[in-house]
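**Q** I have a structure here, written as structure tokens, and I will follow up with some questions on it.
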Amino acid sequence: MNKRGAWDMLPGRMANDVDGQRRGRARKAFGMRILVALDGSKNATRAVQSVGQLLRTTREVSVTLFHVLEPLPPMLREHGGSEDPIREEQLGRQLRKDRKIWYRKEQKLESDILEKARRTLERTGFNAAQIHLKFGYEEDVTRSILEEARTGRYRAIVVGRHRAAGFKRFFLGGVTNRLLRQATGCMVWVVE
């Protein structure tokens, strides 16, 4: 469980702020915002450690630890539909309820990735008040990261790069390279 509150986020947005209320204050309090994309790998942990070591004494920086959840299962993307408007509304309500349950379950299963990264960052001496946790969900991991970077007005995206095949899907073959090619308006730091 998050020290700052429950893992309660509303589905329907691409990314939701785990630290909810702190988001507005963080934008005002800290000048430079850094987005660290995480997948639970050793390279992602190295990226978090690097950010902490480089920026732990910098007062005007906030770090958002960001993890993209698996895509919705096909059965939760849409319901079968109905010609009856009342039944159609019932199916829609049930689908939204099922999605919400699925998102909460996934967030609970994946929350350890964010918490571990938070602890790693805090161990470097980085100020805990300057750390924020967020989930994203999207079919396309790269697009989710880029959209969060754009809407959150981050100055840099930090990622870890895998050197060999066989690791988790997050940075396999393309996410890091696609971020390097597609990111505009911010820096991309790749930690190996």
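Just so you know, all these numbers are worked out from the coordinates, no wet-lab data involved. Keep in mind that this is a model prediction, so the values were computed, not measured. Here the Cβ is made from the backbone with ideal geometry for all residues, glycine too, and neighbour counts use every protein chain on show.
**Q** Scan around HIS132 for amide H atoms under 5 Å from its own, H built in the peptide plane at 1.01 Å from N, and keep only partners 5 or more places away or cross-chain.
**A** Sorted by chain and number, the residues that satisfy this are VAL63, THR64, LEU65.
**Q** Give the long-range amide H neighbours of MET32: residues separated by 5 or more places, or on another chain, with amide H under 5 Å away, using H modelled in the peptide plane at 1.01 Å from N.
**A** Under 5 Å from the amide H of MET32: VAL61, SER62.
**Q** Order 90-97, 139-146, 60-67 from most to least packed using the mean count of other Cβ atoms within 10 Å. Don't jump to the answer; show the numbers that get you there.
**A** Working: 90-97: 13.1, 139-146: 19.6, 60-67: 23.4.
The peptides rank, most packed first, as 60-67, 139-146, 90-97.
**Q** Check which residues have an amide H placed less than 5 Å from TRP189's amide H, if you skip close sequence neighbours.
**A** Sorted by chain and number, the residues that satisfy this are ILE157, VAL158, VAL159.
**Q** Okay, next question. What FRET efficiency comes out for the pair LEU180/LEU54, r = Cβ-Cβ distance, R0 = 22 Å, nearest 0.05? Let's see the in-between values first.
**A** On the way: r = 19 Å, r/R0 = 0.88.
Between LEU180 and LEU54 the formula returns 0.70.
**Q** Output ³J(HN,Hα) for the range 48-61: one whole-Hz value per residue in order, computed from phi by the Karplus curve 6.51 cos²θ - 1.76 cosθ + 1.60 with θ = phi - 60°, and x for Gly and Pro.
**A** Per-residue couplings from phi come out as 4, 4, 4, 4, x, 5, 6, 10, 4, 9, 8, 6, 9, 9 Hz.
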